[in-house]
């Protein structure tokens with residue numbers, strides 16, 4: 001008869017072997033899942049193609065620029081929910097919530113609105129972060145919202161962006177599959193999310209946004225009365241404004 005300790009050891013080894021095999025099969029299955037393609041065109045409101053526009057999939061490293069014909073193509077996109085952002089110097093940024101399946105080819109068309117006062121590309125690249133953080137500090141001095149700096153985020157060691165927002169007055173982060181910011185004042189009044197001046201769709205899933213390590217600062221306004229005019233939109237009870245590095 002095999003001693004009981006030996007039987008337990010054999011059983012543990014077999015269990016570990018089956019667990020390892022199961023994990024390997026799961027990883028192989030994920031790797032084997034067909035990826036998708038995001039294809040599209042960026043133009044101005046007169047339908048003139050815009051080159052050098054940056055298309056980014058938030059929450060991932062996927063980012064491309066449009067060619068001179070305004071077209072872009074993002075390959076090998078895993079299935080999931082994402083936010084697609086579009087930036088170009090001299091034009092108001094845009095965003096779209098997208099659902100990507102397996103082996104999809106998604107096509108989008110963006111018509112960007114020109115900003116009246118166009119800024120020089122080099123000046124914007126050099127001063128964009130400095131300018132927006134200077135404005136961040138000016139609003140912070142007024143004391144109308146809750147402000148979180150990159151150093152404060154680092155000290156909290158959050159795993160996800162919604163971890164940073166827990167405990168802020170009048171803001172509740174849902175515990176469901178989608179991590180959505182809600183107002184504690186009214187369940188029917190959404191919290192507007194803005195990232196780098198891009199107004200995101202209502203009830204944006206915070207889990208699809210950038211990781212905390214890529215955030216330079218966050219402004220939280222718990223009511224429309226305290227929100228700066230530039231961040232206000234219709235039927236919102238507050239705003240979460242995110243600035244990336």
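Throughout, read-outs are computed from the coordinates displayed, never taken from laboratory work. Here the structure is a predicted model, which means the values were calculated and not measured. Glycine gets a Cβ as well: all are built from the backbone with ideal geometry, and neighbour counts include every protein chain shown.
For the subset of segment 40-70 comprising residues that are in a strand (DSSP E or B) and exposed (fewer than 15 other Cβ atoms within 10 Å of the Cβ), which member is nearest to the chain's Cα centre (by Cα)? Lay out the reasoning, then the answer.
First, pick out the residues of segment 40-70 that are in a strand (DSSP E or B): 40-44, 49, 54-58, 63-65.
Filter again for exposed (fewer than 15 other Cβ atoms within 10 Å of the Cβ), leaving 63, 65.
On the way: 63: 13, 65: 18 Å.
Applying the filter and picking the extreme gives 63.
Checking residue 182 against (1) touching a residue at least 12 places away in the same chain (Cβ under 8 Å); (2) part of a strand (DSSP E or B): exactly one of these is not met. Which one?
(1)
What are the residues in segment 212-245 that are in contact with a helix residue (DSSP H, G or I) (Cβ under 7 Å, 6 or more places away or on another chain) and in a loop (DSSP other than H, G, I, E, B), if any?
228, 245
All but one of (1) crowded, with 20+ Cβ neighbours inside 10 Å; (2) within 21 Å of residue 85 (Cβ to Cβ); (3) in contact (Cβ under 8 Å) with a residue 40 or more places away in the chain hold for residue 221, so report the exception by its number.
The one condition residue 221 does not meet is (2).
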